[in-house]
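The values are calculated or read from the model by the stated rules, or taken from the named source; none is laboratory data. These figures come from a predicted structure and were not determined experimentally. Neighbour counts are summed over all protein chains in view; Cβ atoms, including those assigned to glycine, are modelled from backbone coordinates with ideal geometry. To get the accessible areas, we keep the full protein, side chains included, count just its heavy atoms, and leave off ligands, DNA and RNA. Shrake-Rupley method; radii C 1.70, N 1.55, O 1.52, S 1.80 Å.
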Amino acid sequence: MTVVSKTNEKYPDGSFLYECKCDCGNIVKTTSSRLKSGHLKSCGCEHYLSEDLTGRTFNHLKVTGYSHSFVHKAFWNCLCDCGMTTVVRSDYIKNGNTVTRQ
């Protein structure tokens with residue numbers, strides 16, 4: 001987490017909220033005490049990265065790396081056998097819901 005800026009918004013206890021950028025790229029707002037205490041280490045993306053898919057191939061897609069998390073789902077950068085790149089949700093990669101164009 002990297003602090004981007006202090007906002008004018010306040011938490012219910014009166015402390016100011018800080019806008020922070022997670023290592024995955026997501027932006028979250030939190031208090032300085034949560035950052036200092038270590039209670040907030042990510043936007044929550046770490047929770048959804050239970051399995052690293054990097055380097056694995058599913059059908060015609062090779063996972064080249066982690067992209068981001070959104071709404072409790074991890075998304076991965078993929079390279080198709082045809083040479084195109086795309087970003088695909090973990091569950092779609094693993095269960096074959098992503099169709100490649102031939």
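Observations on the model:
- Taken over segment 1-40, the criterion of being within 24 Å of H68 (Cα to Cα) and part of a loop (DSSP other than H, G, I, E, B) is satisfied by M1, C22, D23, C24, G25, N26, G38, H39, L40.
- Looking across segment 45-102 at every residue that is open to solvent by less than 80 Å² (accessible area, probe 1.4 Å), over 25 Å from K21 (Cα atoms) and touching an Asp or Glu at 6+ places or on another chain (Cβ under 9 Å), the one that is modelled with the highest pLDDT is identified as L61.
- Tallying residues that are at pLDDT 90 or above, farther than 15 Å from L40 by Cβ and of a type outside the set (S, T, N, Q) within segment 1-15 yields 2.
- Inter-residue pairs, beta-carbon under 7 Å, first open to solvent by 70 Å² or more (accessible area, probe 1.4 Å) and in segment 12-23, second modelled with pLDDT under 90 and part of a loop (DSSP other than H, G, I, E, B), 6+ apart: D23/S42
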